Amino acid sequence: MSSPFDYEYETIRVAEVAPRVAHLQLNRRGDLNAITETMLVELSDAVDALGRNDEVQVLVLSGAGTRAFSVGAAVRGRLEHLDMETAVDLSRRGQRAFARVRRFPGPVIASIEGYCLGGGMELAACADLRTAAPEATFGQPELELGLVPGWGGTQRLGQLIGAGRAMEVILTADEYDAETMARYGFVNWVVEEPFDAACDRAASLAEHSRLAQQYAKRAVEYEGDQAG
């Protein structure tokens with residue numbers, strides 16, 4: 001049986017960083033890890049494969065380089081050509097891909113450096129825990145582009161930081177620093193080396209009961225759905 005660590009992707013990298021801990025890196029450094037349709041497909045495939053692998057219990061997400069976790073969907077140069085049908089299709093593709101991250105059976109930790117904007121922030125919201133560098137920058141700038149966060153951010157952000165704060169972040173399209181996002185409840189830990197901290201935390205979580213973690217995630221997700 002082939003391992004998900006053996007496959008070479010175009011837009012992401014997958015590696016084992018500790019026993020039972022996988023690392024999935026968005027790998028479009030030159031474009032600030034902007035999320036393309038190819039990346040959505042590869043993200044879905046990789047997360048599904050890792051979730052089925054009995055040797056993987058915890059997943060760490062990051063972006064290549066220190067300039068950005070991800071600046072979101074790679075649409076800025078295409079907006080004038082983005083018709084309604086294409087926009088809806090892209091929204092559905094992103095929702096399906098991000099739902100797979102959210103449904104990963106074990107804990108998911110996002111390591112955030114640099115910009116975490118738009119769809120990048122929506123992807124980070126799919127994680128269970130988030131570490132961030134002090135210099136990290138967060139925001140949902142979609143309204144400035146005449147768009148709405150379409151990859152599940154409107155729902156997940158409200159569950160994480162409350163409806164009032166979510167309205168603030170989405171409607172103002174402002175940028176926020178890591179300390180503010182920690183105060184709002186989006187970021188769990190602000191640290192100088194977020195990736196190292198995420199991997200250390202993941203290794204610690206991998207020592208816990210896999211089954212208990214799965215049921216804990218389901219219970220929290222269920223309560224969130226009921227509250228929504």
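Can you tell me which residue among Ala125, Ala202 is out of contact with any helix residue (DSSP H, G or I) (no Cβ under 7 Å at 6 or more places or on another chain), under 27 Å from Asn53 (Cα atoms), touching a residue at least 12 places away in the same chain (Cβ under 8 Å) and among the small types (Gly, Ala, Ser)?
Ala202
Quick test of your reading of the structure: Arg92 fulfils all but one of (1) assigned to a helix (DSSP H, G or I); (2) surrounded by fewer than 23 Cβ atoms within 10 Å (Cβ to Cβ); (3) of a type outside the set (A, V, I, L, M, F, W, C); (4) touching a residue at least 12 places away in the same chain (Cβ under 8 Å). Name the failing condition by number.
Arg92 satisfies all of (1) assigned to a helix (DSSP H, G or I); (2) surrounded by fewer than 23 Cβ atoms within 10 Å (Cβ to Cβ); (3) of a type outside the set (A, V, I, L, M, F, W, C); (4) touching a residue at least 12 places away in the same chain (Cβ under 8 Å) except (4).
Among the residues that make up the stretch 135-146, is at least one of them hydrophobic (A, V, I, L, M, F, W, C) and at pLDDT 95 or above?
So far as the stretch 135-146 goes, yes, one or more of its residues are hydrophobic (A, V, I, L, M, F, W, C) and at pLDDT 95 or above.
Quick check on my filter: what residues within the stretch 1-57 are in a helix (DSSP H, G or I) and in contact with a helix residue (DSSP H, G or I) (Cβ under 7 Å, 6 or more places away or on another chain)?
Of everything in the stretch 1-57, those that are in a helix (DSSP H, G or I) and in contact with a helix residue (DSSP H, G or I) (Cβ under 7 Å, 6 or more places away or on another chain) turn out to be Glu37, Leu40, Leu43, Ser44, Val47, Asp48.
Kindly check whether there is at least one residue in the stretch 156-168 that is at pLDDT below 95 and surrounded by fewer than 19 Cβ atoms within 10 Å (Cβ to Cβ).
Yes, the stretch 156-168 has at least one match.
Based on this model, can you work out whether Pro19 counts as exposed (fewer than 14 other Cβ atoms within 10 Å of the Cβ) and at pLDDT 95 or above?
yes
Can you give me the number of residues within the stretch 100-124 that are of a type outside the set (Lys, Arg), open to solvent by 10 Å² or more (accessible area, probe 1.4 Å) and more than 14 Å from Val190 (Cα to Cα)?
Residues flagged as of a type outside the set (Lys, Arg), open to solvent by 10 Å² or more (accessible area, probe 1.4 Å) and more than 14 Å from Val190 (Cα to Cα) within the stretch 100-124 amount to 4.
Among the listed residues Phe186, Phe138, Phe195, which satisfies the condition of being buried (at least 19 other Cβ atoms within 10 Å of the Cβ), touching a Lys or Arg at 6+ places or on another chain (Cβ under 7 Å), aromatic (Phe, Trp, Tyr) and at negative phi?
Of the residues listed, the single one that is buried (at least 19 other Cβ atoms within 10 Å of the Cβ), touching a Lys or Arg at 6+ places or on another chain (Cβ under 7 Å), aromatic (Phe, Trp, Tyr) and at negative phi is Phe186.
Step by step: first the residues of the stretch 36-56, then only those that are within 14 Å of Arg96 (Cα to Cα) and aliphatic (A, V, I, L, M), then the one that is most open to solvent (accessible area, probe 1.4 Å). Which residue is that?
Val41
Take the stretch 206-228 and flag every residue that is modelled with pLDDT under 90 and open to solvent by less than 80 Å² (accessible area, probe 1.4 Å).
Glu221, Gly224
Give the residue, chosen from Glu175, Glu221, Glu142, that is under 20 Å from the mean Cα position of the chain (by Cα), among the acidic types (Asp, Glu) and closer than 30 Å to Glu16 by Cβ.
Every option except Glu221 fails the conditions.
So Ala68 clears everything in (1) surrounded by 14 or more Cβ atoms within 10 Å (Cβ to Cβ); (2) modelled with pLDDT under 95 except one condition, right? Which one?
Every condition holds for Ala68 apart from (2).
The values are calculated or read from the model by the stated rules, or taken from the named source; none is laboratory data. The structure displayed is predicted, hence computed values, not measured ones. FYI the Cβ positions are ideal-geometry reconstructions off the backbone, even for glycines, and counts take in every protein chain you see. Ligands, DNA and RNA are stripped out before the accessible areas are found, and what is left, the full protein with its side chains, is counted by its heavy atoms. Shrake-Rupley method; radii C 1.70, N 1.55, O 1.52, S 1.80 Å.
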